[in-house]
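Everything below concerns the one structure shown next.
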Amino acid sequence: CPRQFIDTVSLSVSLYSFSHDVTPVILAAHCHEYEIVHNLLGKGARIDPPHDYFCCCDSCNYQQQFDSFSHSRSRINAYRGLASPAYLSLSNEDPVLAALELSNELAVLANIEKEFKNDYRRLSGQCKDYVVGLLDLCRSTEEVEAILSGDTDSEEKYHPPGRPSLTRLKLAIKYELKKVSTHTHTHSRMNISLF
């Protein structure tokens, strides 16, 4: 309920202070508030993806030199918002692709940003669970195929008739996302393709 969220935020603000980088859309995404995320996205709010960890732009250099911990905390706060199921669902034209790519990016960051290693691993797992949750909701082979194939305008222009591209499945295998590639519905779809 949005009113309950506002009351919770008011209480939280009085008890805790948020860092300057936690915007309303990031906070709503952290709290998995779909309606509020939807409203904020409708007003043009977005979560800007953090720059590459090794970015050498003036802003990143300044933040690293001024307060590297705050810079890292700002990055993890943004990634928490980006990995939120509410934000993934409402802000991406292809949320499955976004979740797969973000999961891989977060897994890589877990090995780079040691102070937030466990957070990045958890967020990577959250993205995997998001895709698995979508697969769990599928009621037909066509729905599973839609999730595993994604956009029909993929890099592979030719697909044999009756054979879906399964580009999302190939991406899950490439990124070694076992939760997705070993899902029961994925295996069922593969059996149909092979036999």
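Details
- Within this structure, Ala98 fails the test of being more than 27 Å from Ser149 (Cβ to Cβ), in a helix (DSSP H, G or I) and assigned by the TED database to the domain that holds Leu134.
- Selected residue [of a type in the set (Asp, Glu) and open to solvent by 50 Å² or more (accessible area, probe 1.4 Å)] from Glu113, Glu105: Glu105
- Criterion (within 14 Å of Phe116 (Cβ to Cβ), in contact with a Cys (Cβ under 7 Å, 6 or more places away or on another chain) and surrounded by 14 or more Cβ atoms within 10 Å (Cβ to Cβ)) met by exactly one of Ala78, Ala83: Ala83
- Qualifying residue in segment 9-21 (condition: open to solvent by less than 40 Å² (accessible area, probe 1.4 Å), modelled with pLDDT of 95 or more and not in a helix (DSSP H, G or I)): no
- Failed criterion for Pro49 (all others in (1) buried (at least 18 other Cβ atoms within 10 Å of the Cβ); (2) part of a loop (DSSP other than H, G, I, E, B) hold): (1)
- Screening Arg73 against (1) crowded, with 20+ Cβ neighbours inside 10 Å; (2) assigned by the TED database to the domain that holds Leu41 leaves a single unmet condition, (1).
The values are calculated or read from the model by the stated rules, or taken from the named source; none is laboratory data. Keep in mind the model is a prediction, meaning the values are calculated, not measured. For neighbour counting, all protein chains shown are included, and Cβ atoms are generated from backbone atoms with ideal geometry for every residue, glycine included. Heads up: the accessible areas ignore ligands, DNA and RNA and are worked out on the full protein's heavy atoms, side chains in. Shrake-Rupley method; radii C 1.70, N 1.55, O 1.52, S 1.80 Å.
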